[in-house]
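Comments concern the structure below.
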Amino acid sequence: MKIKTIEENNIKIAIVNSKEVVIDSVQSALDFIATINYETGSNRIILNKSAICGDFFDLSTRLAGEILQKFITYHIKIAIVGDFSTYTSKSLKAFIYECNKGRDLFFLPDEKQAIEKLSIN
C-alpha cells in the first residue's frame, strides 16, 4: 500500500494506491481508517477500487453499507476511484448515484475528480 498526501485548498488528502485488497471486512476498514489517519493526519482519502473486495460491490452482502457507515461515523470522507461501468446491478448504480450526490462518499472515475470533490469544505 502506497500512501501519498497532497494539499488542495488548504485541505490535506491522502491518496492510497494498493495492488492488494486492503478492505474486505468492517474490521479491516476500521484498521485502514486508523492507519491513514495516524500516518497522514488526513480525514479525506482517495482509494483505488481494486483495493476493496468484490463483495463490497454486491449490495446483498450489506458489506458496503456497514463499511461506509464506519467512514461516516469517524468523519472520514472517501472517494473510491475506478471503472464502475462494468457493474450491471441497478441497485448498485442507484447507490453510487446517491453517494455521488452527497458530500462524504464518492465513486469516481479518476483521481483528478476525486481531488476536486474532496477539496471542497
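The values are calculated or read from the model by the stated rules, or taken from the named source; none is laboratory data. In this text, all values refer to a predicted model and were calculated from it rather than measured experimentally. We place every Cβ from the backbone using ideal geometry, glycine too, and count neighbours over all the protein chains shown.
Which numbered condition in (1) within 16 Å of V22 (Cβ to Cβ); (2) surrounded by fewer than 19 Cβ atoms within 10 Å (Cβ to Cβ); (3) out of contact with any strand residue (DSSP E or B) (no Cβ under 9 Å at 6 or more places or on another chain); (4) touching a residue at least 24 places away in the same chain (Cβ under 8 Å) is the only one that A34 fails?
Just one mismatch for A34, condition (4).
Residues being surrounded by 16 or more Cβ atoms within 10 Å (Cβ to Cβ), farther than 18 Å from N17 by Cα and of a type outside the set (D, E, K, R): count how many of those fall in the range 95-121.
Result for the range 95-121: 4.
I need a count of the residues in the range 68-85 that are out of contact with any Leu (no Cβ under 9 Å at 6 or more places or on another chain) and in contact (Cβ under 8 Å) with a residue 12 or more places away in the chain.
3
For the range 39-57, give me the residue count where each residue is farther than 15 Å from R103 by Cα and either touching a Leu at 6+ places or on another chain (Cβ under 8 Å) or of a type in the set (K, R) (or both).
Summing the residues that are farther than 15 Å from R103 by Cα and either touching a Leu at 6+ places or on another chain (Cβ under 8 Å) or of a type in the set (K, R) (or both) in the range 39-57 gives 5.
So the check is Cβ under 8 Å with 6+ separation or different chains; which pairs have a first residue in the range 86-114 that's more than 15 Å from S60 (Cβ to Cβ) and among the charged types (D, E, K, R) and a second one that's at pLDDT 95 or above and loosely packed, with under 15 Cβ neighbours inside 10 Å?
D104/I72
Yes/no per residue for (1) farther than 17 Å from F107 by Cα; (2) touching a Lys or Arg at 6+ places or on another chain (Cβ under 9 Å); (3) not charged (D, E, K, R):
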residue	(1), (2), (3)
T5	yes, yes, yes
L30	yes, yes, yes
N37	yes, no, yes
T40	yes, yes, yes
A51	no, yes, yes
F57	no, yes, yes
I67	no, no, yes
F71	no, yes, yes
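If you scan the range 4-24, which residues turn out to be within 14 Å of the chain's Cα centre (by Cα) and either without any contact (Cβ under 8 Å) to a residue 40 or more places away in the chain or loosely packed, with under 13 Cβ neighbours inside 10 Å (or both)?
Result: A14, V16, N17, S18, V21, V22, D24.
I'm told K117 meets every condition in (1) touching a helix residue (DSSP H, G or I) at 6+ places or on another chain (Cβ under 9 Å); (2) farther than 24 Å from L30 by Cα except one. Can you identify the failing condition by its number?
So the condition that K117 fails would be (2).
Being within 18 Å of I23 (Cα to Cα), at pLDDT 95 or above and not aliphatic (A, V, I, L, M): is that true of Q69 here?
Judged against the criteria, Q69 is a match.
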